[in-house]
Amino acid sequence: MTFLAEILPQTSPFWEYSHPPAGMMAAGLFFLMLVCLGIAADVGLVLHWLKRPVRLPELAERLTSRVLPWQLVLVFFGIVIGFYLLASWIYLLMFPGGEIEPQTVIFQTLLFHLPVLGLLAWLFHIAGIQGRELFGLHWKKMPAMLGLSVLFYLAALPLLWFYSALYQILLSQFGFDFYLQDVAQILTAPMTWPVRAALYFIMIIVAPVFEEIVFRGILLPFAVRRTGFWPGIVLISAVFGGMHFHLPSLLPLFLLSVVFSLAYARTQSLLVPMGMHAAFNGVTVALLLLMG
């Protein structure tokens, strides 16, 4: 998903308007409110962690205790690559012009995301692995974990926005032309409400669940065991940012992945980065809608 810092450079600054568009003003005020809440969350978390400091070796040990057998990881990613190639081949047959349309996102979910998740559940069943225990998916704790995800998302927002804005300024100095991600372009296109509702569900629910299981649940513990805590997080975050193939959002997504990884290491529940990811995508969708 695109970040606000990559949307704003495409429009004139607020002060250039004698009468700023209502949608843009509403989006700016909404985001400003979130940043203010984020600063308050940062203060609270800093005070909390000063009293209860977090020890990184303990976090690394918790993550490495959740590493899957390398054979299972190898089989899983072989399946991922196979389904990706198959879905890409079918996509080229159905959309030979490479059109960017809402149907392409729904197509990708039906032929790639959902089958891969189903096969992962099947692999866990064969291997006798309890995915709920492995990923910390304890449903009785869901309200508390989702509450933490909102808190951590707000706390990360000021940092993400600040460095994303600097990144966009740097890119503009090199004459880079900004453009929205394909998904953002799709969201701003006209479509029927059933299709729009399906897209919102995919972007706010399906995509966060899929990506967090793959990157935080499977890849992160594997990388941390073999490279160390920070190198593992940096490696996974670089892959996470790069896989979106969108230079304007590369640094924001990298930083976002770092925050998701730290949240998972701290809470040991994949519900937290899933909730943070869903909140990020949901807020981005809301901002795009407000800005028209």
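Quick look at the numbers
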| quantity | calculated |
| --- | --- |
| Prolate/oblate/rounded call for the chain, Cα gyration tensor, a/c under 1.5 rounded | oblate |
| Virtual paramagnetic centre 7 Å along Cα→Cβ of PHE83, amide N under 20 Å, in segment 131-167 | 131-137 |
| For segment 33-85 versus segment 102-133, the gap between their alpha-carbon centres in whole angstrom | 21 |
| For the chain, built as a Gaussian network whose Cα springs stay under 10 Å, the top-fluctuating residue of SER164, SER237, SER172 | SER172 |
| Translational D in µm²/s for segment 94-140 (Stokes-Einstein at 20 °C, 1.002 mPa s, Kirkwood Rh from C-alpha pairs) | 164 |
| For segment 186-292: rounded, prolate or oblate by the Cα gyration tensor [a/c cutoff 1.5] | prolate |
| Under DSSP loop assignment and at most 14 Cβ neighbours within 10 Å, longest chymotrypsin sites (Phe, Trp or Tyr not before Pro)-free interval of the chain | 18-173 |
| Radius of gyration and Dmax over the Cα atoms of segment 32-140, both given in Å | 20.8, 59 |
| Radius of gyration, Dmax [segment 100-241; alpha carbons; angstrom] | 18.3, 54 |
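Where a number appears in this text, it was derived from the coordinates with a stated rule and is not lab data. It should be emphasised that the depicted structure is a prediction, and the values quoted were computed from it without experimental measurement. In this analysis, Cβ positions are derived from the backbone assuming ideal geometry, glycine residues included, and neighbour counts consider all displayed protein chains.
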